[in-house]
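See below for the structure under consideration.
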Amino acid sequence: MPDPAPPDPLVARLRAVGCVFAEEEAAEIRRVVGQDEQRAEPIVTARAAGIPLEHALGVALFAGVEVEVGPGVFVPRTRAEILVDAAVAARPDAHVIVDLGTGSGSIAAAVKTRLPRADVYGVDLDPMALTYAIRNAARHDFHVHEGDWWDALPHELRGRVDLAVAYLPHVPTARLADIPGDYRAQEPNLSIAGGPDGLDPLREVLADLDAWLAPDGVLVTLVAEEQLGTATNVCDGKRVTLVVG
Ligand SMILES: C[S@@+](CC[C@H](N)C(=O)[O-])C[C@H]1O[C@@H](n2cnc3c(N)ncnc32)[C@H](O)[C@@H]1O
C-alpha cells in the first residue's frame, strides 16, 4: 500500500482558525495565489479575523466568471447562480438586459459572458458597490449606472428592456441576525434588508416594471422558499419569473 498523502498545511491552518470548509477554501486560495505560502498567509490571518474569503482574496468566482470584490461590497453567492441560468433560459435572444442591484456586477458579468451580443446594464445605489462594479464592467464589457432601481438607467431604455435580472435585498427584518457573522459584519444593510417580509425591494421594482420592460420583456428574480407564496401574490399579473434559491 502506498503511503497516504501528507496533510495539506494550508488546510490545517485554515481549519485551526475555524474555517469549516477548509479544503474548498484552500483550493480557492491556491487558484488565486498559486503555491506561494507567503501570499497565502495574510489570507489565513484575514480569515482568522472573520473577513469573508472573497474579501480577503479580492476576487470571487461566480458562475464561472471572476469578479473583483472587497470590503463593503456584497459577496456574490453561489445560490444566485441559478438566477443567471434562469434568466438566460428565459430570454436567450435578449438584446437589452438590466441587472437591478448589481453590487460588484457579478450577475451582469455572468450574463454578458453567456449572451455576449446583448447590451448589459448594471445599476446600484451604493457607491462602494459601484467602485467594484465599474472595474468589473471594464473587465467583462457591461455598462454601470448609479441610482435607485430603474431611475438609474438611461431614459432611452424605457420600454426596451428585454430581460431584467435582480438579486434583490430580500432578508426579512426578523431574519437579519441569522446571516453568517463573517458576511453580516462586512456587507451593508442596503444589500440585504428587505423590510418586514423581505419583499419591499421587489414591490419597489414592480412599481415601474411595465414602463421599462419591452412588450415581451420579463423580470427574473430570486426569493426564498418561504417567500414564494407572498411573492407570487405580489407579482400577480406582472411579467415576472420567480426563482427559488
Ligand atoms: C442582494 S445584493 C445583490 C448584489 C449582486 N447582484 C450580487 O448578486 O452579488 C442587492 C444589491 O442591491 C443594491 N440596492 C439596494 N437598494 C437599491 C436601490 N434602491 N437601487 C439600486 N440598488 C439597490 C444593494 O446595494 C446591493 O448591491
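The values are calculated or read from the model by the stated rules, or taken from the named source; none is laboratory data. Just so you know, these numbers come straight off a predicted model, no measurement behind them. Virtual Cβ from ideal backbone geometry, glycine too; neighbours counted across all protein chains shown. Protein only, heavy atoms only, side chains kept; ligands, DNA and RNA dropped before computing areas. Shrake-Rupley method; radii C 1.70, N 1.55, O 1.52, S 1.80 Å.
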Q: Tell me which of these ALA63 doesn't satisfy, since it passes every other one: (1) under 22 Å from PRO188 (Cα atoms); (2) hydrophobic (A, V, I, L, M, F, W, C); (3) not assigned by TED's automatic domain parsing to the domain that holds PRO215.
A: (1)
Q.
Every residue in segment 143-159 that is in contact (Cβ under 8 Å) with a residue 40 or more places away in the chain and closer than 16 Å to ALA118 by Cβ, please.
A. VAL144, LEU153, LEU157
**Q.** Residues satisfying the stated conditions in segment 107-129, i.e. open to solvent by 10 Å² or more (accessible area, probe 1.4 Å) and not β-branched (Val, Ile, Thr)
**A.** LYS112, ARG114, LEU115, PRO116, ARG117, ASP119, TYR121, ASP124, LEU125, ASP126, PRO127, MET128
Q.
So the check is Cβ under 7 Å with 6+ separation or different chains; which pairs have a first residue in segment 49-60 that's under 12 Å from SER104 (Cα atoms) and not assigned by TED's automatic domain parsing to the domain that holds ILE29 and a second one that's of a type in the set (A, V, I, L, M, F, W, C) and in a helix (DSSP H, G or I)?
A. VAL59/VAL32
Q. In segment 52-107, which residues are away from the ligand (no atom under 13 Å from the Cβ), more than 23 Å from VAL20 (Cα to Cα) and assigned to a helix (DSSP H, G or I)?
A. ASP85, ALA86, VAL88, ALA89, ALA90
Q | Residue list for segment 55-83, restricted to those being touching a Gly at 6+ places or on another chain (Cβ under 8 Å) and within 14 Å of THR102 (Cβ to Cβ) | A | VAL67, GLU68, VAL69, VAL73, PHE74, PRO76, ALA80, LEU83
Q.
Can you pull out every residue in segment 137-180 that is among the small types (Gly, Ala, Ser), under 22 Å from GLU81 (Cα atoms) and either away from the ligand (no atom under 15 Å from the Cβ) or not assigned by TED's automatic domain parsing to the domain that holds THR230 (or both)?
A. ALA138
**Q.** segment 155-203, subset on the phi > 0 side of the Ramachandran plot and surrounded by fewer than 21 Cβ atoms within 10 Å (Cβ to Cβ), residue modelled with the highest pLDDT
**A.** GLY159
Q: Filter segment 1-37 down to residues that are farther than 26 Å from VAL65 by Cα and either in contact with a strand residue (DSSP E or B) (Cβ under 6 Å, 6 or more places away or on another chain) or open to solvent by 60 Å² or more (accessible area, probe 1.4 Å) (or both), then give me how many there are.
A: 11
Q. Quick check, is ILE82 in contact (Cβ under 8 Å) with a residue 24 or more places away in the chain, in the same structural domain as LEU190 (by TED's automatic domain parsing) and open to solvent by 30 Å² or more (accessible area, probe 1.4 Å)?
A. yes
Q) Are there any pairs, at least 6 apart or on different chains, whose C-beta atoms fall under 8 Å, with the first in segment 101-122 and assigned by TED's automatic domain parsing to the domain that holds PRO169 and the second more than 13 Å from the ligand (Cβ to nearest atom) and among the basic types (Lys, Arg), and if so, which? A) ALA109/ARG139; ALA118/LYS112; VAL120/LYS112
Q) Name the pairs whose Cβ atoms lie under 8 Å apart, with the first residue in segment 179-203 and closer than 18 Å to THR230 by Cβ, the second among the polar types (S, T, N, Q) and assigned to a loop (DSSP other than H, G, I, E, B), and 6 or more positions between them or separate chains? A) none
